[in-house]
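Here's the structure, in structure tokens; my notes come after.
The values are calculated or read from the model by the stated rules, or taken from the named source; none is laboratory data. Keep in mind that this is a model prediction, so the values were computed, not measured. Cβ placement follows ideal geometry from the backbone for every residue including glycine, while neighbour counts extend to all protein chains displayed. Calculation scope for accessible area: heavy atoms of the full protein, side chains included, ligands and nucleic acids excluded. Shrake-Rupley method; radii C 1.70, N 1.55, O 1.52, S 1.80 Å.
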Amino acid sequence: MRILLLSAYDAVSHQYWRKGLVNALPEHDWTVLSLPARYFSWRIRGNSLSWAFGERERLQQPYDLIIATSMVDLTSLRGFVPSLAQTPCVIYFHENQFAYPASGHEHQSVEPLILNLYNALCADRVLFNSGYNRDTLLEGADRLLRKLPDQVPPGLVEQIRARSEVLHVPLPEQVFLPAAPVEGPLEIVWNHRWEFDKGPELLLAAVERLQTDHVDFRLHVVGQQFRRVPPVFDQLKQRLESGGQLGYWGHIESTEAYRRLLQRSDVVLSTALHDFQGIAVLEAVAAGCRPVVPDRLAYRELFAAEYRYAEQQETSALARMLGELSASKHRGEPIRTPAVEHLGWPALKASWGRVIETLTQGGAPSL
């Protein structure tokens, strides 16, 4: 099969998915186009223009299937390059703009929401990395359509729902590693982007509570950083340094060193305002960490209740769970972790192959 793979806002998580897809299914002939993850407003509206007139020769080649991320302006691209309108298309949602938390600093625009809606209606198949992602898109699309003044055809959300399926981003085999815990305090790793939507304020509040309660822990704050880092991270570092609980701080360039940190850590922590699948958490769990995650977002479908802290009074609930795990470690009790092998490429490859095969044969994948 000749497959055109389009990633219009090629963030780290999108690269992770598309590279895994190409590597896992080498029997297909892949053509990959991607654009840098910057200038968000321009990128999501301009990608069709950039590609249609900058990559026209490649786009006009005969393809059996298009797989595009939800950031691709698919309707415009198919209009600019009419041959693509005849090619079956899958849209993959890593996230959706209806459920993306607002920082309060962005320009308010309905454009990203409309892009999500049009893409979901334009594609032959709509895939989501979690049920949470699917449900929040459908609910958000319904709210938006109800606000529009007139001439809104009925049944649009039902059309999207009928073509939708949950298919997780699979984990590569190399992230499944044996745990290598160390003695001493509870080793906690927080391995997320250093941005507001990953909940650093909740992280700081939990650290303050743990210090007040004299919990024995060490916190490693790692993950991707950008030019503008929320000031709360400076406060967090000062707190950890003053209490003697600071572990690794900052992005770890070496993949091998990062994975060794995951293997030696006891807990992987999420304080996120949004996680549509939580790849960073899942990779840590695959290396032996116990997840401590909020009782919301995609985590409700990934982990049992014992791994999720309550949504009410989250700071107290989170600190209490970590305190109990610290006490358990000091008693010499094993820290249980859930299995995530069902989310690896060996387990999910057949499902991705089924979607491709069925669509290229002119049908719709059965659910």
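Structure values in brief
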read-out: Calculated [θ] (222 nm, deg cm²/dmol) that DSSP helices of n ≥ 4 give over the chain, each run adding -39,500 (n - 2.57); value: -13000 deg cm²/dmol
read-out: Largest to smallest accessible area among Tyr16, Tyr100, Tyr307 [probe 1.4 Å]; value: Tyr100, Tyr16, Tyr307
read-out: Rg to Rh, two decimals, where region 120-274 supplies the alpha carbon set and Rh follows Kirkwood; value: 1.11
read-out: Cα convex hull of region 215-287 - mean projected area over all directions, nm²; value: 5.7 nm²
read-out: Heavy-atom accessible surface of region 230-357: percent carbon and sulfur, 1.4 Å; value: 47 percent
read-out: Rg followed by Dmax, in Å, when region 277-341 is reduced to its Cα trace; value: 11.9, 33
read-out: Region 195-257-region 43-120 distance, computed between alpha-carbon centres (Å); value: 36 Å
read-out: Viscosity 1.002 mPa s, 20 °C: Kirkwood-radius Stokes-Einstein D of region 51-154 over Cα pairs, µm²/s; value: 143 µm²/s
read-out: Where labels lie 7 Å past Cα in the beta-carbon direction, separation of Lys349 and Trp249 in nm; value: 4.3 nm
read-out: Overall Cα dimensions of region 121-187 - principal axes, largest extent first, Å; value: 65, 28, 13
read-out: Only Lys, Arg (+1) and Asp, Glu (-1) charged, at Cβ; region 243-359 dipole about Cα centre in debye; value: 220 debye
read-out: Per-pair calculated FRET efficiency, R0 = 22 Å: Gln224 and Arg58 via Cβ, rounded to 0.05; value: 0.15
read-out: Model label zone, Tyr39; criterion: amide N under 14 Å from point 7 Å along Cα-to-beta-carbon; scope region 1-19; value: 9-10
read-out: Heavy atoms of Arg163: accessible area, 1.4 Å probe, square angstrom to 10; value: 50 Å²
read-out: When the chain is reduced to its Cα atoms, the Kirkwood hydrodynamic radius in Å; value: 21.9 Å
read-out: Solvent exposure of the chain as accessible area per residue, Å², 1.4 Å probe; value: 46 Å²
read-out: Length released on extending from Gln312 to Arg300, taking residue separation times 0.36 nm less the Cα-Cα span; value: 2.8 nm
read-out: Stretchable slack from Leu25 to Arg2, in nm (0.36 nm times residue separation minus alpha-carbon distance); value: 7.1 nm
read-out: Which listed pairs, of Lys19/Lys198; Lys198/Lys237; Lys19/Lys329, have C-alpha distances above 26 Å, in listed order; value: Lys19/Lys329
read-out: Rg to Rh, two decimals, where region 169-258 supplies the alpha carbon set and Rh follows Kirkwood; value: 0.99
